[in-house]
Amino acid sequence: MTNPNYNSASERKIIILDTTLRDGDQSALGTMYPSEKMKVAKHLEKMGVERIEAGFAAAKGNYEFMSGVAQTLKNSWLSGLSRCVNRDTERTYEAYKNYQKRMIHLFLPTSEIQVSAKMKKTDDELIKITRSSVTYARSFFDKVEFTAEDAVRSNWDFLKRVYFEAINSGATIINVADTVGYAETEEFGRLVKNVAGYVKIINPNVEISIHCHNDLGLAVANTIAGIKNGAQQVEVTINGLGERAGNCSLEQIVAFSKVHPESFSTNVLSGEIYKASKMVSRFTGVRNDSAPVVGKSAFAHKSGIHQHGVINNKESYEVLRAEDFGRKSEIVIGPHSGYHGVIAKARELGFEISQEQAALILDVVSEKVQREEQKRFDDEDIRKILMEKVLALAV
Ligand code: KIV
Ligand code: ZN
């Protein structure tokens, strides 16, 4: 599937693995019902998402949902998260066994802090677990992703040992996880470059994946740094939903690729993103009105100088083409607005007004704010002011 919106897409195509239905569903703020998750799964496939992580088969209810998705989807790869224990692998296989494009995602903590908090195993024991779990998973799945959980805070020599073992046991995708959103951007880029260099020597066909959390607000920046340093797959979620402060957002990665087409491209149909975002917001109750790309204000202009600019040329204050993301550029009237914006807004509402009449509207808006009567002015409010305070004076 190709994206019809832009012609100059880079030759470097990045694979999107969407984990809204797994990591996203782990958000403390919202849980989706299975029927809602099914709608999201169908829409992700329609959007051109190559790989969908539909759940964690060991978690209650996930197995049933994953089996249902496997009976419904056709094109996207379906992945299932699995601990490095054989019964998780078997459960994931059971859910997906009749689906051709199935894959599994094994994960094992590798940082000292996580190993001692959760596993209490020696390095040698972890290596042994890696070997046996990947080998076992490969007997059910042709595609096996292996994640070193908290890779970013792991010892480099140990990380290499674990990845080496995973690859030699049959892993086809190696994932570098910034599980706690700890990494500094340049440092993360360097780590991905080192992992990619190391992995490709062992087996050039093994793909490099990255998974960034947003605890320091760096998930998107770090994901882009990872891509620039060799990542071929990125793990993202709609609206950046996920554990704690969330994951890297799908929409921001796609938007970046539109604005910087020389860097990379994706197969995602950007025109479907807003629908996906609204769906996930509605189902989870989690909404961020100021979010890039999908937020209410992402293409809205309130100040007079900005309004004047975009009325003459949208690109003066918009780096994305709103229509490409199913959005519309918008003029919002407030006390910072200028007469260019008010005239444009009135025209949108079906009225041709003069500069003087626009100034009268701005006076009313400004006075209402100064008197602390009203702070938001939607189209209906502006129409009312126009009819009552401006056009009434004209007759
Ligand atoms: O954050 C993380 O490390 C994860 C893995 C299980 C991929 O979600
Ligand atoms: Zn995660």
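The values are calculated or read from the model by the stated rules, or taken from the named source; none is laboratory data. In this text, all values refer to a predicted model and were calculated from it rather than measured experimentally. Cβ placement follows ideal geometry from the backbone for every residue including glycine, while neighbour counts extend to all protein chains displayed. Heavy atoms of the whole protein, side chains included, go into the accessibility calculation; ligands, DNA and RNA do not. Shrake-Rupley method; radii C 1.70, N 1.55, O 1.52, S 1.80 Å.
Has the stretch 253-262 got at least one residue that is within 16 Å of ligand 2 (Cβ to nearest atom), in contact with a strand residue (DSSP E or B) (Cβ under 9 Å, 6 or more places away or on another chain), outside any loop (DSSP other than H, G, I, E, B) and not assigned by TED's automatic domain parsing to the domain that holds Asp379? So that I can check it myself, show each step before the final result.
Taking the stretch 253-262 as the starting set, the residues that turn out to be within 16 Å of ligand 2 (Cβ to nearest atom) are 253.
Restricting the remaining residues to those that are in contact with a strand residue (DSSP E or B) (Cβ under 9 Å, 6 or more places away or on another chain) gives 253.
Next cut, outside any loop (DSSP other than H, G, I, E, B) only: 253.
Applying the additional criterion that residues be not assigned by TED's automatic domain parsing to the domain that holds Asp379 yields 253.
Yes; the residues of the stretch 253-262 include at least one that is within 16 Å of ligand 2 (Cβ to nearest atom), in contact with a strand residue (DSSP E or B) (Cβ under 9 Å, 6 or more places away or on another chain), outside any loop (DSSP other than H, G, I, E, B) and not assigned by TED's automatic domain parsing to the domain that holds Asp379.
Say we look at the stretch 311-336 and pick out the residues that are under 23 Å from Lys375 (Cα atoms) and of a type in the set (Val, Ile, Thr); which of these is surrounded by the fewest Cβ atoms within 10 Å (Cβ to Cβ)?
Residues of the stretch 311-336 that are under 23 Å from Lys375 (Cα atoms), as a first pass: 328-336.
Those left that are additionally of a type in the set (Val, Ile, Thr): 331-333.
Numbers: Ile331: 22, Val332: 20, Ile333: 25.
Top of the filtered list is Val332.
Could you check Ser35 against (1) touching a helix residue (DSSP H, G or I) at 6+ places or on another chain (Cβ under 6 Å); (2) open to solvent by 10 Å² or more (accessible area, probe 1.4 Å) and say which number it fails?
Against the list (1) touching a helix residue (DSSP H, G or I) at 6+ places or on another chain (Cβ under 6 Å); (2) open to solvent by 10 Å² or more (accessible area, probe 1.4 Å), Ser35 comes up short only on (1).
Scan the stretch 358-375 residue by residue and report those that are open to solvent by less than 70 Å² (accessible area, probe 1.4 Å) and not in a helix (DSSP H, G or I).
Result: Gln374, single match.
Just name the residue that is most open to solvent (accessible area, probe 1.4 Å) out of those in the stretch 58-76 that are within 16 Å of ligand 1 (Cβ to nearest atom) and more than 19 Å from Ala177 (Cβ to Cβ).
Asn62
Determine whether Gly189 is over 22 Å from Leu21 (Cα atoms) and surrounded by fewer than 24 Cβ atoms within 10 Å (Cβ to Cβ). It would help to see each step written out before you state the result.
On the way: over 22 Å from Leu21 (Cα atoms): yes; surrounded by fewer than 24 Cβ atoms within 10 Å (Cβ to Cβ): yes.
Criteria met by Gly189.
Considering only residues that are open to solvent by 60 Å² or more (accessible area, probe 1.4 Å) and farther than 21 Å from Glu149 by Cα, look in the stretch 94-123 and name the one that is nearest to the chain's Cα centre (by Cα).
My answer is Lys101.
Going by what's in this entry, would Ile167 be described as part of a helix (DSSP H, G or I) and touching a residue at least 24 places away in the same chain (Cβ under 8 Å)?
yes
Looking only at the stretch 171-178, decide whether some residue is within 15 Å of ligand 2 (Cβ to nearest atom), at positive phi and not acidic (Asp, Glu).
No, the conditions are met nowhere in the stretch 171-178.
Report yes if Val49 is over 17 Å from Ser249 (Cβ atoms), among the aliphatic types (A, V, I, L, M) and not in a strand (DSSP E or B), otherwise no.
no
Could you check how many residues of the stretch 13-32 are surrounded by fewer than 17 Cβ atoms within 10 Å (Cβ to Cβ) and either at pLDDT 95 or above or assigned to a helix (DSSP H, G or I) (or both)?
Residues meeting the conditions: 3.
Could you tell me whether any residue of the stretch 340-348 is surrounded by 14 or more Cβ atoms within 10 Å (Cβ to Cβ), out of contact with any Lys or Arg (no Cβ under 8 Å at 6 or more places or on another chain) and either at pLDDT below 95 or among the polar types (S, T, N, Q) (or both)?
no
Which condition does Lys302 not pass, out of (1) open to solvent by 30 Å² or more (accessible area, probe 1.4 Å); (2) free of Cβ contacts under 8 Å to residues at least 60 places away in the same chain; (3) out of contact with any His (no Cβ under 8 Å at 6 or more places or on another chain), if it passes all the others?
(3)
Which one of the conditions (1) surrounded by fewer than 24 Cβ atoms within 10 Å (Cβ to Cβ); (2) over 25 Å from Glu207 (Cα atoms) does Val280 fail to meet, given that it meets all the rest?
Single failed check for Val280: (1).
Could you list all residues from the stretch 252-275 that are polar (S, T, N, Q) and more than 13 Å from Arg12 (Cβ to Cβ)? So that I can check it myself, show each step before the final result.
Residues of the stretch 252-275 polar (S, T, N, Q): 252, 257, 263, 265-267, 270.
Matches in the stretch 252-275: Gln252, Ser270.
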